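What follows is a short report on a single structure.
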Amino acid sequence: VNLKTTLPYLKAHLIHGGALIGASPMNTKLSRLYFWLIGDKNNRHPHDMILSELSKHFWVVKKKEWLGLYFSWKCYAK
């Protein structure tokens, strides 16, 4: 997924006042080990890059991490 094109698209199609909620794996030693152990070789964006791109188009109002493996966010269009 190309974040630079996907996030503006999502922003444009979000109803006024609507929230964008999402989750993604984190880029940590633990998560890399976990995905290696389960044989998942998908390329992923680092979580700090995702948050950086999100903050260009949205106000991130909530971020939560789970065991250093995944993180989620809730945000509103700027």
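Heavy atoms only, 1.4 Å probe, whole protein assembly: order Ser72, Ser52 by accessible area, highest first. Don't jump to the answer; show the numbers that get you there.
On the way: Ser72 20, Ser52 55 Å².
Ranked from most to least accessible, the order is Ser52, Ser72.
Inverting the mean 1/r over all pairs of different Cα atoms, compute the Kirkwood radius of the chain and quote it in Å.
Working: mean 1/r = 0.0751 Å⁻¹.
Kirkwood hydrodynamic radius for the chain: 13.3 Å.
Full extension from Ile21 to Lys41: what is 0.36 nm times the residue separation minus their Cα-Cα distance, to one decimal in nm? Each step should come with its number before you reach the end.
Values: separation 20, 0.36 × 20 = 7.20 nm, distance 2.48 nm.
The Ile21-Lys41 span can extend by a further 4.7 nm.
When only the heavy atoms of the protein chains count and the probe is 1.4 Å, how do Glu65, Glu53 rank by accessible area, highest first? Working shown, then result.
On the way: Glu65 95, Glu53 15 Å².
From most exposed to least exposed: Glu65, Glu53.
Say R0 is 30 Å: what FRET efficiency, to the nearest 0.05, do Lys62 and Asn2 get from their beta-carbon distance?
Working: r = 25 Å, r/R0 = 0.82.
Working from the Cβ atoms, E equals 0.75.
Rolling a 1.4 Å sphere over the protein heavy atoms, what is the accessible area per residue of the chain, to the nearest Å²? All intermediate terms of the calculation are to be shown ahead of the outcome.
Values: 5560 Å² over 78 residues.
Per residue, the chain has an accessible area of 71 Å².
Quick one: ranking Arg44, Arg32 by accessible area, 1.4 Å probe, largest first, what do you get?
Details: Arg44 90, Arg32 120 Å².
Greatest to least solvent exposure: Arg32, Arg44.
Relative contact order for the chain using alpha-carbon pairs under 8 Å, separation at least 6, rounded to a whole percent? Intermediate values should be presented prior to the final figure.
On the way: 95 pairs, mean separation 33.5, N = 78.
Relative contact order of the chain: 43 percent.
Can you give the angle from 0 to 90° between the axis of helix 47-57 and the longest principal axis of the chain, with both taken from C-alpha atoms, to the nearest 10?
10
For the chain, which whole percent of the accessible surface, found with a 1.4 angstrom probe, sits on carbon and sulfur atoms?
Result for the chain: 60 percent of the exposed heavy-atom area is carbon or sulfur.
Quickly estimate the mean residue ellipticity at 222 nm for the chain, helices only: each DSSP H run with n ≥ 4 gives -39500 (n - 2.57), and the total goes over all residues, rounded to 500.
Numbers: 3 runs with 31 residues, N = 78.
About -12000 deg cm²/dmol.
Which links in Lys41/Lys78; Lys11/Lys74; Lys29/Lys64; Lys11/Lys64 stretch past 23 Å when you go from one Cα to the other? Please report the intermediate quantities before stating the final value.
Details: Lys41/Lys78 34 Å; Lys11/Lys74 13 Å; Lys29/Lys64 18 Å; Lys11/Lys64 21 Å.
In this structure, Lys41/Lys78 lie more than 23 Å apart at Cα.
Where a Cα-Cα gap under 18 Å defines reach, which aspartates and glutamates qualify for Lys63, not counting those fewer than 8 residues away within the same chain?
By straight Cα distance, Lys63 reaches Asp48, Glu53.
The values are calculated or read from the model by the stated rules, or taken from the named source; none is laboratory data. As the structure is a prediction and not an experimental result, all values here were calculated from the model. Every residue, glycine among them, receives a Cβ derived from its backbone with ideal geometry; neighbour counts consider all protein chains shown. Side chains are part of the model used for accessible areas, which takes the heavy atoms of the whole protein and leaves out ligands, DNA and RNA. Shrake-Rupley method; radii C 1.70, N 1.55, O 1.52, S 1.80 Å.
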